[in-house]
Amino acid sequence: MSYELVNADRRNKVSFCRLPAWKRRELIANPVTSALTIAYVFDHPGDRIAFVPDIGPSPFPDLPLVEINDLDDLTDTYIDKLVNDGILSDHGVLDDPDIDPPDYLRDIRLNCLTES
């Protein structure tokens, strides 16, 4: 089962598309998807935000799964934002011979952050 982070109030999502994490355990353990999730939630306090599975019922009574597929995906927007903020770095795409374009994975990494 894979998950997307959905904001029912703003009618958008972070799908984690093109990142090497989709399942619950992967999303939690991956520092990039964790950073994306935290940044998105911080930017939208008070909104109805939840991880929505690709199968099963939607946690939002007013937003069925079929409509979630058509929501604006802000994954790239948030990656760009966190790269510009120095939190993430973009290293292009992963070189994996088993993955053919357009099904590529982005090589996004968490930067070592130190307080100054």
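The values are calculated or read from the model by the stated rules, or taken from the named source; none is laboratory data. Remember, predicted model here, so these are calculated numbers, not experimental data. All Cβ positions, even for glycine, are placed from backbone atoms using ideal geometry, and neighbour counts span all protein chains on display.
Summary of values
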| quantity | calculated |
| --- | --- |
| Cβ-Cβ under 6 Å pairs, at least 6 apart or on other chains, the range 33-53 side modelled with pLDDT of 95 or more, far side charged (D, E, K, R) | ASP47/ASP9; ARG48/ASP9; VAL52/GLU4 |
| Close pairs from the range 8-30: first under 18 Å from ARG109 (Cα atoms) and among the polar types (S, T, N, Q), partner at pLDDT 95 or above and in a helix (DSSP H, G or I), Cβ under 6 Å, at least 6 apart | SER15/THR75 |
| All positions within the range 60-76 that are closer than 13 Å to THR33 by Cα and without any contact (Cβ under 8 Å) to a residue 60 or more places away in the chain | ASP76 |
| Residue satisfying condition, being on the phi > 0 side of the Ramachandran plot and in a loop (DSSP other than H, G, I, E, B), within set GLY86, GLY92 | GLY86 |
| Selection count where residues are surrounded by 13 or more Cβ atoms within 10 Å (Cβ to Cβ) and assigned to a helix (DSSP H, G or I), scope the range 52-66 | 1 |
